[in-house]
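Peer 1: First, the structure itself, so that you have it in front of you.
Readers should treat all values here as calculations from the given coordinates under stated rules, not as data from a laboratory. In this text the structure is predicted, and so the values were computed from the model without any measurement. Cβ sites come from the backbone with ideal geometry, for glycine too, and all protein chains shown count toward neighbours.
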Amino acid sequence: MLQRLAFCLGLCLSLAANAGVKVGDEAPAVALPGIGGTVGITLADLRGKVVYVDFWASWCGPCRVSFPQLEAIRRELGPLGFEVLAINVDEDEDDASEFLSEVPVTYPIVRDAEGVTPQAYGIMGMPTGYLVDRSGVVRDIHQGYKKSDGEKLRETIKELLGE
Amino acid sequence: MKYLTGLAVALLLCGCETVQPWERGTLAKEEMQWQSDVMEGRMRDQIHASKEASSGGTGAAGGGCGCN
């Protein structure tokens, strides 16, 4: 009986440990509508570019820090083949729109109020960013966001662009 | 009776659910915080620490992001 219980527990733990995307995995598909019910850009559309898939919400403080920095990096490295794909997980779209009016960005934003994509990626906190290389493989996972993170992220992106 | 209790506990446990990091919008609202003013809370902690020579035990910082 105990053995069986231990086996079940082990199985559950291994399943939990396996959940979520790891560095080296193929990035799960992102095909979501844009803000205001527009047609959203998919991750497949961006194949061939280095993409930062960023999960964010209006209520997340560090997201407010990350947005201007991502915008600056994209302005600088966009012509070299870098793009940000921001996935908003707010339940209410108005909250997202209000946030965007305060912190405007030019990169594509899609909506996932149901939480299907964050579940597929297995994110552990907000924000979480996945750096996907030109061939669609996750090369770096960035959890949380501090002001000082921008420079390191920029260097990593530059390295991936040079591959 | 034993089975009934077990069943009741099992039913009650059904109400438990993990709040995922992307579902913390409501928890991050101001009215859901333990303290209404973060700065005031920090000041109280500072006074508490200097008077009692101890600190902590007042919960984690952050707005429910799961990241800070």
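Peer 1: Just add up the charged neighbours of A:P33: K/R +1, D/E -1, any other residue whose Cβ is under 14 Å from the Cβ of A:P33. Can you show the working numbers first?
Peer 2: Numbers: positive: A:R111; negative: A:D45, A:D90, A:E93, A:D112, A:E114.
Taking every other residue near A:P33 into account, the sum is -4.
Peer 1: Counting other C-beta atoms within 10 Å, and keeping those with at most 15, which DSSP coil trypsin sites (Lys or Arg not before Pro) do you find in region B:1-57? Can you show the working numbers first?
Peer 2: Values: sites: B:K2, B:R24, B:K29, B:R42, B:R44, B:K51; in loops: B:R24, B:K29.
Passing both the DSSP loop test and the Cβ count: B:K29.
Peer 1: Hey, fewest Cβ within 10 Å first, where do B:T26, B:T5 land in order? If you can, show how the numbers build up before the last one.
Peer 2: Details: B:T26 12, B:T5 9.
If I rank by nearby Cβ atoms, fewest first, I get B:T5, B:T26.
Peer 1: Would you order A:V53, A:V103 from fewest to most other beta-carbon atoms within 10 Å of each residue's own beta-carbon?
Peer 2: Numbers: A:V53 25, A:V103 15.
Fewest to most other Cβ atoms nearby, the residues stand as A:V103, A:V53.
Peer 1: Using the Karplus curve 6.51 cos²θ - 1.76 cosθ + 1.60 with θ = phi - 60°, work out ³J(HN,Hα) for each residue of region B:24-31 in order, rounded to whole Hz, and write x for Gly and Pro.
Peer 2: With the stated coefficients, region B:24-31 comes to 8, x, 5, 5, 7, 5, 4, 5 Hz.
Peer 1: Find which of A:P108, A:L161, A:G81 sits farthest along the positive direction of the dipole of chain A, computed with +1 on the beta-carbon of Lys and Arg, -1 on that of Asp and Glu, about the Cα centre.
Peer 2: A:L161
Peer 1: Still on this structure: Sort A:V132, A:V23, A:V84 so the one with the fewest other Cβ atoms within 10 Å of its own Cβ comes first.
Peer 2: Values: A:V132 26, A:V23 11, A:V84 23.
Ordered from fewest to most neighbouring Cβ atoms within 10 Å, A:V132, A:V23, A:V84 come out as A:V23, A:V84, A:V132.
Peer 1: If you don't mind, there's one more thing I want to ask. All other residues with a Cβ under 15 Å from the Cβ of B:S50 taken together, and with Lys, Arg as +1 and Asp, Glu as -1, what is their net charge? Working shown, then result.
Peer 2: Numbers: positive: B:R42, B:R44, B:K51; negative: B:D45, B:E52.
Here the count lands on +1.
Peer 1: If you place +1 on the Cβ of every Lys and Arg, -1 on the Cβ of every Asp and Glu, and leave all else neutral, what size is the dipole of chain A about its Cα centre, to the nearest 20 Debye?
Peer 2: Values: 15 positive and 24 negative charges, 134 e Å.
Roughly 640 debye, rounded to the nearest 20.
Peer 1: Stick to Cα atoms and the Kirkwood definition of Rh, then tell me Rg/Rh for region A:116-163.
Peer 2: On the way: Rg = 11.7 Å, Rh = 11.7 Å.
Expressed as Rg/Rh, it is 1.00.
Peer 1: Work from the charge dipole of the protein assembly as shown (Cβ charges, +1 for Lys and Arg, -1 for Asp and Glu, about the Cα centre) and give the residue of B:G15, A:P118, A:G20 farthest towards its positive end.
Peer 2: Projecting each Cα onto the dipole axis, the largest value belongs to A:G20.
Peer 1: Additional query: Any chance you could count the Lys pairs in the protein assembly as shown whose alpha carbons are under 27 Å apart, treating pairs 8 or more apart or on different chains as valid?
Peer 2: Taking the Cα cut-off of 27 Å, the pair count is 13.
Peer 1: Let me know the Rg and Dmax you get for region A:22-161 when you use only its Cα atoms, in Å.
Peer 2: 13.6, 37
Peer 1: Put +1 on the Cβ of every Lys and Arg and -1 on every Asp and Glu Cβ in region A:36-163; which of A:Q69, A:A44, A:S135 then has its Cα farthest towards the positive end of the dipole?
Peer 2: Of the listed residues, the answer is A:S135.
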